[in-house]
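See structure below.
The values are calculated or read from the model by the stated rules, or taken from the named source; none is laboratory data. Computed from a prediction, not measured in an experiment: that's the story for all the values here. For neighbour counting, all protein chains shown are included, and Cβ atoms are generated from backbone atoms with ideal geometry for every residue, glycine included.
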Amino acid sequence: MSSDPSVPVRVRFAPSPTGTLHIGGARTALYNWLYARGRGGELVLRIEDTDRERSTPENVEQILDALRWLELDWDEGPVSQFERSERHREALERLLEAGVAYRNPATGDDVAAWKREHGNRGYRGEPTDDPGAAVRLRVPDGGDTVVADEIRGEVRFPNESSDDFVIARGDGSVLYNFAVAVDDADMGITHVIRGDDHLSNTPKQLLVMEALGEAPPRYAHLPLLHGTDGKKLSKRHGAASVQELRDAGYLPAAVRNYLALLGWGTQDDTTIMSTEELIERFDVADVGRASAIFDEQKLRWLNGRFMREMDLDDYTAVVARHLGREPDDRLRAACEIAQEKAQTLEEVWPLIGFLFEEPETDEKAWRKVMKDGALPLLSEALDA
RNA sequence: GGCCCCGUGGUGUAAUGGCUAGCACGCCACCCUUUCAAGGUGGAGGAGAUAACGGGUUCGAUUCCCGCCGGGGCUACCA
């Protein structure tokens, strides 16, 4: 991604704590991290928790936990967006006073009705004096709002078809698209790297920044990750969370490598890369435009490669931690055998477990095999 | 419905206005191995009417343009 080298890169990862971090979010975090680390820039972690209904401390902790496991560190934060409400309120007041934003009581149904009468043009409402009404931003009637995207090029959104959208609730609390614009500007974010699902939100954020007199950052919208059903990956569709990957016995380094390859590739076909190499080679401008499907088979293969390349002491330590055992000599000896076979940490125990615990005898199976006097026959063979 | 994005083998990707569209995963076979893996070698698979499909530009298009179909996103006083 090209940018003014005199301005240090400053990116942010801004998840909303409405559930666990799934692989789509993890990839977004990774790309931001790789980009920042590759240019000596900074990564800010911001928690988009303005939805008080769905945001919980547990979910925030889940996200931090996932990030730590992935070994993706950040330079600032976590910053709670909700705790910045004073700043948001100030900015909102400014727009209200300038007349760029106005209070309006219209509901979603009202807006839909208005649009039906106006040939689907963007909603334009009348200001009201009611201090308890929601606040909308005035969208210009003509022209386009254009998003200069590093991955997709210039994307134009005709203003005429955009509604005057709500930026604050009747109680004065601000909405997502407003808070994001204010925060990105305030925090001096230079590059916004996020999922494609935000591309349609970008003109709104651009309009807010313009109203505020702020210069916009650069944008890069990553293609979304889809499930095998072709649908957007989400928690609801059972998308794998980062902690599930951990429990399944994948190595953070392998996950980083795999995730990096989901939407991005090297020109020379290099597949297996250390994190250092990833940092050196990755550029968000080289990310593809098409959505990708998460393929666990390739992750397994990649993970196996990483596991086999570890030295035995590290390997034993990692296995011990996964199993909740002590990395003693016995485990080390067992690991030596398992290392060439296992693709994931989970696969290690089935391979070596018999060395640590008495195997259970399946009575039914035993009887089935030992019928017809097989036992004396075998004993005889053993003696001979 | 409106606005927007996307479309290279099953999956992830690479290169390219012009040799047989490359690589990886997966799949098949063989080798190695007491077994299973791992590893090695080779192969099938993108219809010799190949890049969803149909047009166009061009001497020539997967690559540029248009259309269409399909998938996806946004369209909340959610994020």
Quick one: residue A:116 ticks every box in (1) without any contact (Cβ under 8 Å) to a residue 24 or more places away in the chain; (2) under 19 Å from residue A:174 (Cβ atoms); (3) within 12 Å of RNA strand B (Cβ to nearest atom) bar one, so which box is it? (2)
Within the set of pairs 6 or more residues apart or between chains, which connect a residue that is farther than 19 Å from residue A:132 by Cα and more than 8 Å from RNA strand B (Cβ to nearest atom) inside segment A:173-185 to a residue that is assigned to a helix (DSSP H, G or I) and among the small types (Gly, Ala, Ser) with Cβ atoms less than 7 Å apart? A:182/A:91
Return the residues of segment A:292-301 that are surrounded by fewer than 19 Cβ atoms within 10 Å (Cβ to Cβ) and outside any helix (DSSP H, G or I); say none if nothing qualifies. A:292, A:293, A:295
Scan of segment A:272-297 for residues that are within 8 Å of RNA strand B (Cβ to nearest atom) and under 18 Å from the mean Cα position of the chain (by Cα), ordered by number: A:287, A:288, A:289, A:290, A:291, A:292, A:293, A:294, A:295
If residue A:168 passes every condition in (1) buried (at least 16 other Cβ atoms within 10 Å of the Cβ); (2) of a type in the set (Gly, Ala, Ser); (3) near RNA strand B (Cβ under 7 Å from one of its atoms) but one, which one does it miss? (3)
Among the residues of segment A:208-215, are any surrounded by 16 or more Cβ atoms within 10 Å (Cβ to Cβ), near RNA strand B (Cβ under 8 Å from one of its atoms) and at pLDDT 90 or above? no
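Go through the residues of segment A:358-371 one by one and say whether even a single one is away from RNA strand B (no atom under 16 Å from the Cβ), without any contact (Cβ under 8 Å) to a residue 12 or more places away in the chain, β-branched (Val, Ile, Thr) and part of a helix (DSSP H, G or I).
There is at least one residue in segment A:358-371 that is away from RNA strand B (no atom under 16 Å from the Cβ), without any contact (Cβ under 8 Å) to a residue 12 or more places away in the chain, β-branched (Val, Ile, Thr) and part of a helix (DSSP H, G or I).
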From the list A:324, A:263, exactly one residue is surrounded by 17 or more Cβ atoms within 10 Å (Cβ to Cβ) and of a type outside the set (A, V, I, L, M). Which is it? A:263
Residue hits (segment A:236-275; polar (S, T, N, Q) and either farther than 19 Å from residue A:19 by Cα or in contact with a strand residue (DSSP E or B) (Cβ under 6 Å, 6 or more places away or on another chain) (or both)) are A:241, A:257, A:266, A:267, A:270, A:271, A:274, A:275
Among residues of segment A:15-46 being surrounded by fewer than 23 Cβ atoms within 10 Å (Cβ to Cβ) and of a type in the set (S, T, N, Q), the residue farthest from RNA strand B (Cβ to nearest atom) is A:20
Among the listed residues A:163, A:196, identify the single one that is within 7 Å of RNA strand B (Cβ to nearest atom) and over 30 Å from residue A:282 (Cα atoms). A:163
Residue within segment A:68-78 that is touching a strand residue (DSSP E or B) at 6+ places or on another chain (Cβ under 7 Å), modelled with pLDDT of 95 or more and small (Gly, Ala, Ser) present: no
The residue that is nearest to the chain's Cα centre (by Cα), considering only those in segment A:7-21 that are closer than 17 Å to residue A:187 by Cα and not in a strand (DSSP E or B), is A:15
